[in-house]
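Below is one structure, written out as structure tokens, with a few remarks after it.
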């Protein structure tokens with residue numbers, strides 16, 4: 001599974017299926033890719049099954065990483081504004097959306 005050709009296949013599939021998240025850094029994306037690849041490679045199933053499992057798990061984990069990244073960015077913005085003004089309606093709506101996404105991931 002960790003052969004270069006298969007890694008390319010998986011990476012290209014992620015690109016074609018738009019399964020990357022802009023708010024997750026390139027470094028975190030690469031780390032997640034390698035970590036997940038190593039975990040799935042331990043399964044004793046066919047390469048096709050490993051690739052399928054990888055793509056399914058990737059979707060879950062990259063979505064979770066995206067929620068975390070957005071939460072961190074929002075938290076940083078809130079810290080910068082903490083002593084000057086309360087959150088705006090749009091910031092509160094963004095917080096609400098993040099909370100819903102976190103709950104979906106946890107279920």
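Coordinate-derived values only; no laboratory data. These numbers come from a predicted model, not from an experiment. Ideal geometry is used to build each Cβ from the backbone, glycine not excepted, and the neighbour counts take in all protein chains shown.
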With the contact rule set at Cα under 8 Å and sequence spacing of 6 or more, what percent relative contact order holds for the chain? 29 percent
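Taking neighbour Cβ counts within 10 Å as the exposure measure, how do 31, 40 sort from fewest upward?
31, 40
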With Cα springs under 10 Å, the Gaussian network model of the chain assigns the largest mean-square fluctuation among 68, 95, 15 to 15
Could you give the nm distance between label points at residue 38 and residue 77, where each point is 7 Å from its Cα heading toward the beta carbon? 3.5 nm
Please work out the Cα center distance from region 31-69 to region 1-19, rounded to the nearest Å. 11 Å
Using r as the Cβ-Cβ distance of residue 6 and residue 104, and R0 as 22 Å, what FRET efficiency do you calculate, to the nearest 0.05? 0.15
Mean shadow area (nm²) of the C-alpha convex hull around the chain is 8.0 nm²
Work out the FRET efficiency for residue 17 and residue 97 from their Cβ-Cβ distance, taking R0 = 30 Å, and round it to the nearest 0.05. 0.85
MRE, 222 nm, helices only [DSSP H, n ≥ 4, -39500 (n - 2.57), over the chain, to nearest 500]: -26500 deg cm²/dmol
Give the value in nm², to one decimal: projected area of the alpha carbon convex hull of region 1-54, averaged over all directions. 3.6 nm²
